[in-house]
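Notes follow once the structure below has been shown.
The values are calculated or read from the model by the stated rules, or taken from the named source; none is laboratory data. Note that this is a predicted model, so its numbers are computed, not measured. Every residue, glycine among them, receives a Cβ derived from its backbone with ideal geometry; neighbour counts consider all protein chains shown.
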Amino acid sequence: MSSTAPQPLPQHCPTPRELDDLELLLSGALAPLTAYDEPGSPVTLGLPADLASAAAFELVDPEGLPLATVTRDGGRLVPTALATPAYGPFRRLHLSPAEARAAYAGATWIPVADALTTTEVADLAAIEGPKVLVALTGHGFAPSLSPVGLIRATLAAAEEIGAEVIAVPLASHGDTGADEDLALQVLDTYAADDAQLPLRVAPTSSTGVREDLGAKVAAIVDFDRPPLDERGLVLFFTGLSGSGKSTLARALVDKLLEQGKRTVTSLDGDVVRRNLSAGLTFSKEDRETNIRRIGWVAAEIARHGGLAVVSPIAPFDSTRQDVRRYVEEAGGTFFLVHVATPLEECERRDRKGLYAKARQGLIPEFTGISSPYEVPEDADVRVDTTGRTVEDALADVEKALAAAGLLEV
Ligand SMILES: Nc1ncnc2c1ncn2[C@@H]1O[C@H](COP(=O)(O)OS(=O)(=O)O)[C@@H](OP(=O)(O)O)[C@H]1O
Ligand SMILES: Nc1ncnc2c1ncn2[C@@H]1O[C@H](COP(=O)(O)OP(=O)(O)O)[C@@H](O)[C@H]1O
């Protein structure tokens, strides 16, 4: 007897940008777009190689909840809703165009992509009739505030204006022109024939903290985006084995603890491999897993305004970029220190005798010998420790941190 049980569809968890797109495709907010990968549209879906030719698959959220099935129609990837996420702050404000029109038809529709100033609040309060502030909370669209910060700031302004607030997670697609066009299209869908105002803030500009904010809005902005030197910070030391990462990181951590201004979490490469990453090898895949784990923990520390000092080899550029993204998405600052001590000096030091073993072929895939190290081109500071004292080399890092307004040691 042959089994005829249907095979479950393969699953894929999209990026935060693609998840925002999914919500708007399904709610009708991106009309006339109803699918990913329409010709000429920035609303695309990246798929792993194993799904590149799958006829159908499921999109799941990061917790594994199936949100939609996707089928192919020519080159288009057409989603059909399975579930609507019921969680997330201010979910009740995520109205589809149909829901929003049922509630607020006849209003003036006002897109908001940053905290509103007192002048803007006064101008908007002077507009006659009902008003709806449309907070554009999608991934990367309003980069000066987090999505929840933007909604909180908009709600505070709305109280003074006498307006309603809805949240529309329109994401940035990395192209200002395309972003503005999509914003216009989305607003047209919500406003239909009602009055609407143009978008005031260039969507992808990081405007920093705006001047002239009312007290309530300013307090929300301060909480959401504290000054640089109070924000979460991840100091990421990368470099060859023996370059001096741990020594510099440890010296810095000690100074910070003596100073007593901030709490510090240290995630040293060797130490992490004995606990968080126990059992991982030095294959490319396992190294990437190791660095992403470190990055994930460091980003959570940054989310709470903490300071994490991490010092793995982290030989691959793309994984370092992933960590930068995790940290920045958590509202923290990522600061990359390349401990650029040359291989010859690291090998001369050979503190643990590993280079000698690697040269004899006793340790496979050894960084710098039989496994690559991709030199970072995005380092905030580069330090070659050859012939220098620890204090002297560390001073370069401290100067760069101070110059960036991040930390005074
Ligand atoms: N094959 C191979 N290649 C490189 N390094 C090796 C290897 N095997 C063991 N070790 C020891 O492990 C430490 C590096 O671990 P990391 O977690 O920092 O490496 S990675 O970021 O995952 O590439 C590294 O420690 P550090 O000297 O502190 O860098 C080495 O002591
Ligand atoms: N200026 C310097 N900064 C950091 N380490 C130095 C310096 N000069 C010499 N060293 C020595 O280099 C070695 C670096 O080892 P370590 O800090 O464990 O490197 P890594 O963590 O990159 O593997 C230590 O023995 C340290 O004493």
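Looking only at the range 10-27, which residues are loosely packed, with under 15 Cβ neighbours inside 10 Å and either more than 23 Å from the chain's Cα centre (by Cα) or of a type in the set (Lys, Arg) (or both)?
Pro10
Report, ordered by the first and then the second residue, all pairs with beta carbons closer than 7 Å, sequence separation of six or more or different chains, a first member in the range 265-288 that is under 23 Å from Ile301 (Cα atoms), and a second member that is in a strand (DSSP E or B) and of a type outside the set (Phe, Trp, Tyr).
What qualifies is Thr265/Ala308; Ser266/Val309; Leu267/Ala308; Leu267/Val310; Asp268/Ser311; Gly269/Ser311.
If I filter the range 348-362 down to residues being assigned to a loop (DSSP other than H, G, I, E, B) and not small (Gly, Ala, Ser), which single residue comes out as nearest to ligand 2 (Cβ to nearest atom)? Steps first, please.
First, pick out the residues of the range 348-362 that are assigned to a loop (DSSP other than H, G, I, E, B): 350-353, 360-362.
Subsequent filtering for residues that are not small (Gly, Ala, Ser) retains 350-352, 360, 362.
Working: Asp350: 9, Arg351: 4, Lys352: 8, Gln360: 19, Leu362: 18 Å.
The residue in question is Arg351.
Since Glu408 meets every condition but one in (1) closer than 21 Å to Leu252 by Cβ; (2) under 32 Å from the mean Cα position of the chain (by Cα); (3) modelled with pLDDT of 95 or more, which condition does it not meet?
The failed condition is (3).
Condition test on Ala249, is it under 30 Å from Pro364 (Cα atoms), of a type in the set (A, V, I, L, M) and away from ligand 2 (no atom under 16 Å from the Cβ)?
Numbers: under 30 Å from Pro364 (Cα atoms): yes; of a type in the set (A, V, I, L, M): yes; away from ligand 2 (no atom under 16 Å from the Cβ): no.
Against the criterion (under 30 Å from Pro364 (Cα atoms), of a type in the set (A, V, I, L, M) and away from ligand 2 (no atom under 16 Å from the Cβ)), Ala249 does not qualify.
Being at pLDDT 95 or above, more than 9 Å from ligand 1 (Cβ to nearest atom) and within 29 Å of Pro147 (Cβ to Cβ): is that true of Val383 here?
Working: at pLDDT 95 or above: yes; more than 9 Å from ligand 1 (Cβ to nearest atom): yes; within 29 Å of Pro147 (Cβ to Cβ): no.
In short, no.
Which one of Glu365, Glu391, Glu328, Glu345 is within 30 Å of Pro143 (Cα to Cα) and either assigned to a helix (DSSP H, G or I) or among the charged types (D, E, K, R) (or both)?
Glu328
Determine which member of the set Leu307, Leu235 is of a type outside the set (S, T, N, Q), surrounded by 23 or more Cβ atoms within 10 Å (Cβ to Cβ) and within 16 Å of ligand 2 (Cβ to nearest atom). Don't jump to the end; show me each part of the working.
Values: Leu307 fails: within 16 Å of ligand 2 (Cβ to nearest atom).
Unique residue meeting the criteria: Leu235.
Restrict the check to the range 275-289 and report whether at least one residue is in the same structural domain as Arg382 (by TED's automatic domain parsing), within 12 Å of ligand 2 (Cβ to nearest atom), in a helix (DSSP H, G or I) and over 27 Å from Ala402 (Cβ atoms). Please lay out each step first, then the result.
First pass over the range 275-289, keeping only residues in the same structural domain as Arg382 (by TED's automatic domain parsing): 275-289.
Adding the requirement that they be within 12 Å of ligand 2 (Cβ to nearest atom) leaves none.
No, the conditions are met nowhere in the range 275-289.
Of all residues in the range 151-168, which are touching a residue at least 40 places away in the same chain (Cβ under 8 Å) and either under 19 Å from Glu23 (Cβ atoms) or not charged (D, E, K, R) (or both)?
Selection gives Ile151, Ala153, Thr154, Ala156, Ala157, Ile161, Ala163, Val165, Ile166, Ala167, Val168.
Give the residues of the range 378-388 that are within 25 Å of the chain's Cα centre (by Cα) and not in a loop (DSSP other than H, G, I, E, B), sorted by residue number.
Within the range 378-388, the subset within 25 Å of the chain's Cα centre (by Cα) is 378-382.
If the condition is that a residue be within 25 Å of the chain's Cα centre (by Cα) and not in a loop (DSSP other than H, G, I, E, B), then Val381, Arg382 are the ones that fit.
Which of (1) more than 16 Å from ligand 1 (Cβ to nearest atom); (2) at pLDDT 95 or above; (3) β-branched (Val, Ile, Thr); (4) assigned by TED's automatic domain parsing to the domain that holds Phe334 is the odd one out, the single condition Thr263 does not satisfy?
(2)
In the range 31-77, which residue that is in contact (Cβ under 8 Å) with a residue 40 or more places away in the chain and more than 21 Å from His139 (Cα to Cα) is surrounded by the fewest Cβ atoms within 10 Å (Cβ to Cβ)?
Asp50
When you look at Gly239, is it touching a strand residue (DSSP E or B) at 6+ places or on another chain (Cβ under 9 Å) and more than 20 Å from Leu93 (Cα to Cα), yes or no? If you could, list the steps in order and put the result at the bottom.
Details: touching a strand residue (DSSP E or B) at 6+ places or on another chain (Cβ under 9 Å): yes; more than 20 Å from Leu93 (Cα to Cα): yes.
Against the criterion (touching a strand residue (DSSP E or B) at 6+ places or on another chain (Cβ under 9 Å) and more than 20 Å from Leu93 (Cα to Cα)), Gly239 qualifies.
Which count do you get for residues in the range 118-150 that are within 22 Å of Asp222 (Cα to Cα), touching a residue at least 12 places away in the same chain (Cβ under 8 Å) and either in a loop (DSSP other than H, G, I, E, B) or of a type outside the set (Val, Ile, Thr) (or both)?
Going through the range 118-150 one residue at a time, the tally reaches 17.
If Ser243 passes every condition in (1) touching a helix residue (DSSP H, G or I) at 6+ places or on another chain (Cβ under 7 Å); (2) away from ligand 1 (no atom under 16 Å from the Cβ) but one, which one does it miss?
(2)
Please state which of the following conditions Gly353 fails to meet, knowing it meets all the rest: (1) in contact (Cβ under 8 Å) with a residue 24 or more places away in the chain; (2) at positive phi; (3) not charged (D, E, K, R).
Every condition holds for Gly353 apart from (1).
Is there a residue being surrounded by 14 or more Cβ atoms within 10 Å (Cβ to Cβ), polar (S, T, N, Q) and part of a loop (DSSP other than H, G, I, E, B) anywhere in the range 245-262?
no
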